[in-house]
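Chemist: Handing you a structure now.
Since every read-out is calculated from the coordinates, none of them should be taken as a lab result. For clarity, every value in this text was computed on a predicted model and none was experimentally measured. Quick reminder, even Gly has a Cβ in these numbers, built from the backbone with ideal geometry, and neighbours come from all protein chains shown.
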Amino acid sequence: MTILLRAALNWGSSLFVRNIRRIISWKRFRRYALYGFGCFAIVCVSTILIGGYYLSPPSTSEDIVSVTIVPGSNTTTIAKRLASENLIRSPFVFKLAVRYQGVGTQLRAGKYQLSRDMPLIRILEELKKGQIEYQTFTVPEGLTATAIAELWEKTGLGTAEEFQNAIELPVLLQKYIPEGVSAEGYLFPNTYKFAKGTTAETVAKMMLSESDAVWNDSLAEEAKILGLTRHQVITLASIIGREAGSKTEIPIISSVFHNRLKQNWRLQADPTVLYALGDPKRPLTREDLKTVSPYNTYLHKGLPPGPIGNPGKASILGALRPEKTSFYYFVATGPGKHHFSKTLEEHNRMRRQIRRNRNASNNQ
C-alpha cells in the first residue's frame, strides 16, 4: 500500500511539473510572439510614416519654379536638379519611386512649371508628360483683371470665366494679396512662357508670384518712409500708370497726386471714374463724374479702396519716387503729353486754350 501511494505521488508530481513547464513555455512563446508582432508593427508604421514624409511636398509654398530637364538627363541628374530647387525631399527616395513605378525611361526632357507644394508622385506624372510645347501670354501694363481674363480667352488659352475664377480662389488671395480682397493690381504685367495645357490657376500663380518678387524689401522700406502700405502704393501706381502717356511723365504725374494727397485734396483722376463705370470705351461726361462709387476720386478724398488696374514696375517706382514739384494739376495736350500747372488759374487757362485749338482744328 505504501509503495502504491508513493508511486501515485511520484506520478502526480511528475505530471504537475510537466504541466508547469508547458504553461511556462506557452507564456514565453506568447510573450515572444507579442514582442515580435509589436516590433513588426513598429517597423511597418515607421516605414509608412517615413515613406509618407519623403513622398510629401517639401514645402506648403505654392511658388511656381521653372525647371528645365535637358535631353539625355538620367534619373540621378533629374533627382539632383529637383532637390536643388526644393521640389523633392530626397534624391534617393525619388530614384526609388522611379524604379518602383518603372518609369525611368518615360521621364522626358522639357521645361516644366512645377509648384513646391506638389507631392513627389505628382511631379513624376508631370515629368512623364514631356512638356515641350510652349505658349506665351503677354499682359500689357495697366489692364484690369477683367481685361486680362478677356485677353486670356482672346489669345485662345481658355475662357475668360476660367481665368476669372482662378484669380478669385481664396487660397491665392490669402497668400499673395495684402488685403486679401481682390487680385486686381497684383497680376504683374509681363510676357509669361509656359507649357501647352497649363491651367489658368497656374498662370495666375505665376503672375502673382512675379508681383511678389518685384516687391522686395527695398521697395517696402521706401513705402514705409512715405507712410504708405504696399496696397496703397499699388493703388496709386495703378492710377499713375493709366494717366501717364509715357514713362518719362510718370514721376511728374506722381508728384501731382502726392501733392494733392498731402493737402487732403480729391485726386480727381478720370481713370478711377472709368473703372467705377466698368471701363467704357468712350470719353467721360460731366454726368459720369457724379457716379456714386468709392472709386470715384471726384467725390471722395484720398486713394480709392484698391487698384484700378495692374501696374508695371515703372509705375510702382513712380509711386514711390515722385519728382519734387509744385504741380497740382495736369491736362492732356495730345497723345502721351500733358501740361502741368501749379495753380487752378493756369490749369483752366490751358484747358480753354486746348478747347479753342480743338475747335479750330475741327472747323478746318
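Chemist: Among Trp265, Ala204, Pro307, flag the residue with its Cα farthest along the positive direction of the charge dipole of region 178-312, charges on Cβ as +1 for Lys/Arg and -1 for Asp/Glu.
Modeler: It is Trp265.
Chemist: Given a Förster distance of 45 angstrom, what is the FRET efficiency for Gln353 paired with Leu226, based on the Cβ-Cβ distance and rounded to 0.05?
Modeler: 0.85
Chemist: For Cα pairs less than 8 Å apart in space and 6+ apart in sequence, what is the mean separation divided by the residue count of region 217-325, i.e. the relative contact order in percent?
Modeler: Contact order relative to length: 42 percent.
Chemist: Quickly work out the Arg321-to-Gln106 label distance, labels modelled 7 Å from Cα along the C-beta direction, and quote it in nm with one decimal.
Modeler: With each label point 7 Å from Cα toward Cβ, the separation is 5.2 nm.
Chemist: Another question, if that's okay. Taking a cut-off of 20 Å between Cα atoms, list the lysines near Lys342, but don't count ones fewer than 8 places away on the same chain.
Modeler: Straight-distance partners of Lys342: Lys262, Lys301, Lys324.
Chemist: Please report how far the C-alpha centroid of region 306-364 lies from that of region 81-120, rounded to the nearest whole angstrom.
Modeler: Going from one Cα centre to the other spans 54 Å.
Chemist: Normalised by the residues of region 82-136, what does the relative contact order come to in percent, with Cα pairs under 8 Å and at least six apart?
Modeler: Numbers: 41 pairs, mean separation 19.9, N = 55.
It comes to 36 percent, rounded to a whole number.
Chemist: For Ser73 and Asp279, FRET efficiency with R0 = 41 Å and r from the beta-carbon atoms, rounded to 0.05?
Modeler: 0.30
Chemist: Shifting gears a bit: Using unit Cβ charges (K, R positive; D, E negative) and no other charged atoms, how large, in debye to the nearest 20, is the dipole of region 67-129 about its Cα centre?
Modeler: Dipole of region 67-129, to the nearest 20 debye: 100 debye.
Chemist: What size of dipole, in debye to the nearest 20, comes out for region 172-239 about its Cα centre when the only charges are +1 on Lys and Arg C-beta atoms and -1 on Asp and Glu C-beta atoms?
Modeler: 260 debye
Chemist: For His300 paired with Thr136, estimate the spin-label separation in nm (one decimal), with each label point 7 Å from Cα along the Cα-to-Cβ line.
Modeler: 3.9 nm
Chemist: At a Cα cut-off below 16 Å, give the aspartates and glutamates reachable from Lys337, other chains included and same-chain residues fewer than 8 away excluded.
Modeler: Filter leaves Glu243, Glu249, Asp270.
Chemist: Using a Förster radius of 35 Å, what is the FRET efficiency between Arg122 and Glu179 based on their Cβ-Cβ separation? Nearest 0.05, please.
Modeler: Working from the Cβ atoms, E equals 0.65.
Chemist: Could you give the length gained on full extension between Val65 and Glu150, defined as 0.36 nm per residue of separation minus the Cα-Cα distance, in nm?
Modeler: 28.0 nm
Chemist: Take each of the peptides 321-332, 242-253, 227-238, average the number of other beta-carbon atoms within 10 Å over its residues, and list them starting from the highest.
Modeler: Most protected by this proxy first, the peptides run 227-238, 242-253, 321-332.
Chemist: Note down the net charge around Ser73, summing +1 for each Lys or Arg and -1 for each Asp or Glu among other residues with Cβ under 11 Å from its Cβ.
Modeler: My count for the surroundings of Ser73 gives +3.
Chemist: Taking H placed 1.01 Å from N in the peptide plane, check which residues at least 5 places from Ser341 or on another chain put their amide H under 5 Å from its amide H.
Modeler: HN-HN under 5 Å from Ser341: Tyr328, Tyr329, Phe330.
Chemist: Another one. Once Lys and Arg get +1 and Asp and Glu get -1 on their Cβ, which of Leu277, Ser254, Tyr298 lies farthest toward the positive end of the dipole of region 217-325?
Modeler: Of Leu277, Ser254, Tyr298, it is Tyr298.
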